[in-house]
Amino acid sequence: MFNNNRHLNIFEHYTQKGSLPVENNLSRGLAILLNQNNLVLDRFIDYVNAKCFEKKSPSIVSKPQRSNDKQIGIQQKITKTVQSYPDPQSIIGITLTTSSPINMIENEYDDNNSLITDIVIRCKDTLVVIEVKRNAADARLQLKQQVKSIEEEVVRQGGNRPSTELLDGTWEEVISILQDVYNISGSNEDSILGHYLNHLENYYQEWFPISLLNDIPIQYENEPAIDKRILSLIKNCCENESDSEKYSGRYIVPLDYDFCNQAQISMDYGSKRLMITVWSGDTKWQSHCLLNKTANDLSWVYEDNLTVDGFELELLTEPYLRLAHFQSTIIAEYFDKRYYQNNFGASKDKCKELYNDITREWKRTDWSELRAFLKGKYNGLIDMNSFDSDFKNSFENSNRSYAHVSFGYETTAYISMDVVSEYEKNNSTLRGSDKLASFISKTIDQLMNKIA
């Protein structure tokens with residue numbers, strides 16, 4: 001599109017030099033669309049009226065029947081707004097932010113006619129005031145001031161006091177409207193609507209509604225859209241709704257096992273595969289539970305596949321040494337897999353000996369003893385050159401006085417995009433209806449059963 005030159009997009013500023021578009025530019029683009037595309041305006045009015053209905057508000061925006069039934073302005077002072085659209089019967093203000101709706105914020109009214117509205121739409125006798133901001137609280141404060149100032153200016157200029165309503169809107173909801181119009185009107189990339197959607201996608205993929213993974217090219221430049229889908233998978237994998245809220249924004253699924261408390265979902269961009277990763281025995285207590293409370297031996301460490309719903313997934317387990325401070329991992333050094341297999345095999349008893357030797361809190365005065373274990377009895381277990389460098393930088397040359405040492409097992413199941421596509425076909429991103437999330441949950445369950 002645009003011969004790979006973004007400056008051919010009508011909404012780009014040639015002088016931006018890669019900087020993010022400013023709010024005024026986003027407002028300008030939306031105003032152009034609302035003025036130029038009657039279907040976009042029609043659907044936006046439906047959106048505002050639906051918001052009013054949700055609030056049980058009597059306010060409603062009448063749709064224009066003739067060209068002179070509507071006017072659209074951008075970046076106008078309050079006095080100019082009322083002069084341009086005199087004596088409205090109602091004023092509906094709506095924020096347009098990236099945040100979820102927030103409670104009304106009460107603030108002292110400032111009779112300030114120098115306030116500037118982002119976008120004003122006049123439809124017959126109703127004004128719709130749109131305030132574009134990234135922060136919902138800032139938008140609400142400003143919108144309330146603007147609507148109140150317009151109301152007072154209408155009275156000051158001799159009109160009747162109009163009714164008012166304040167609403168919360170999001171870019172995700174509005175972009176969904178734009179996408180629907182774009183799809184039903186022929187998906188013309190060279191249309192003004194096509195240019196605007198492309199412009200938003202270049203900079204603000206995270207604002208877009210959740211897309212299914214088979215609709216997104218798996219490339220680093222699409223990481224915001226991919227991350228958004230992964231977050232929805234995580235929420236849909238959570239057992240309880242409260243878990244979904246608690247872990248929203250984090251890339252883990254909480255697990256209720258003594259030896260493992262989380263699974264991570266991420267994308268391997270190099271191989272274009274979805275990764276499901278768990279860490280068994282990560283802490284001292286988890287390691288104790290893994291070695292003493294689970295029924296299976298450690299032969300699963302060497303298994304290289306996991307079959308779920310008839311699909312064979314690649315499996316990789318890497319034992320590792322963990323050094324933590326204040327519960328945060330500071331160093332994670334993978335074991336030499338051949339050394340581990342030759343010296344520990346699938347035996348828990350041999351691993352218990354390693355556990356008893358190194359899994360504890362090591363004070364600074366004892367760090368030489370830890371090194372002695374790793375260079376003597378367990379020489380070859382880890383790359384000591386790498387460890388020495390990391391340990392020196394992260395512990396010896398720091399103010400840290402101790403290190404919590406443990407060892408665990410990082411296990412990753414890889415889901416190819418072919419398998420992902422099977423579940424993303426005609427899929428839903430809604431909780432309870434997400435087929436890919438159900439497959440991931442089943443993968444995690446089978447993985448846990450194999451370890452336990």
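Points worth noting:
- Among the residues of segment 335-359, the ones that are crowded, with 16+ Cβ neighbours inside 10 Å and over 25 Å from Leu316 (Cα atoms) come to 0 in all.
- Here is the figure for segment 204-237: residues that are surrounded by fewer than 19 Cβ atoms within 10 Å (Cβ to Cβ), within 14 Å of the chain's Cα centre (by Cα) and over 27 Å from Lys442 (Cβ atoms) total 4.
- Leading residue by the ranking (modelled with the highest pLDDT) among those in segment 1-51 that are assigned to a loop (DSSP other than H, G, I, E, B), under 26 Å from the mean Cα position of the chain (by Cα) and surrounded by 13 or more Cβ atoms within 10 Å (Cβ to Cβ): Phe11
- Whichever residue in segment 246-291 is modelled with pLDDT of 90 or more and among the aromatic types (Phe, Trp, Tyr) and, among such residues, is surrounded by the most Cβ atoms within 10 Å (Cβ to Cβ): Phe259
- Scanning segment 238-245 finds one or more residues that are buried (at least 19 other Cβ atoms within 10 Å of the Cβ) and in contact with a strand residue (DSSP E or B) (Cβ under 7 Å, 6 or more places away or on another chain).
- When Leu430, Leu381 are checked against the criterion of being outside any helix (DSSP H, G or I), farther than 30 Å from Thr294 by Cβ and not aromatic (Phe, Trp, Tyr), Leu430 stands alone in meeting it.
- Pair list, Cβ < 9 Å and 6+ apart or interchain, from segment 420-434 residues that are buried (at least 16 other Cβ atoms within 10 Å of the Cβ) to residues that are outside any loop (DSSP other than H, G, I, E, B) and aromatic (Phe, Trp, Tyr): Val420/Phe439; Glu422/Phe311; Glu422/Phe439; Tyr423/Phe439; Asp434/Tyr423
- Checking each residue in segment 308-323 for being of a type outside the set (A, V, I, L, M, F, W, C) and touching a residue at least 40 places away in the same chain (Cβ under 8 Å) picks out Asp309, Glu314, Thr317, Glu318, Pro319, Tyr320, Arg322.
- Residue within segment 344-361 that is at negative phi, small (Gly, Ala, Ser) and at pLDDT 95 or above present: yes
- Glu201 vs. criteria outside the structural domain of Asn24 (by TED's automatic domain parsing) and either surrounded by 15 or more Cβ atoms within 10 Å (Cβ to Cβ) or of a type outside the set (Asp, Glu) (or both): yes
- Taken over segment 167-188, the criterion of being in contact (Cβ under 8 Å) with a residue 60 or more places away in the chain, over 19 Å from Asn35 (Cα atoms) and not in a helix (DSSP H, G or I) is satisfied by Leu167, Asp168, Gly169, Thr170.
- Taking the criterion of being in contact (Cβ under 8 Å) with a residue 24 or more places away in the chain and either out of contact with any Ser or Thr (no Cβ under 7 Å at 6 or more places or on another chain) or of a type in the set (Gly, Ala, Ser) (or both), the residues of segment 333-342 that qualify are Tyr334, Phe335, Asp336, Tyr339, Tyr340, Gln341.
The values are calculated or read from the model by the stated rules, or taken from the named source; none is laboratory data. These numbers were taken from a predicted model, which means no experiment stands behind them. As a convention, Cβ positions derive from the backbone with ideal geometry for all residues, glycine included, and neighbour counts pool all protein chains shown.
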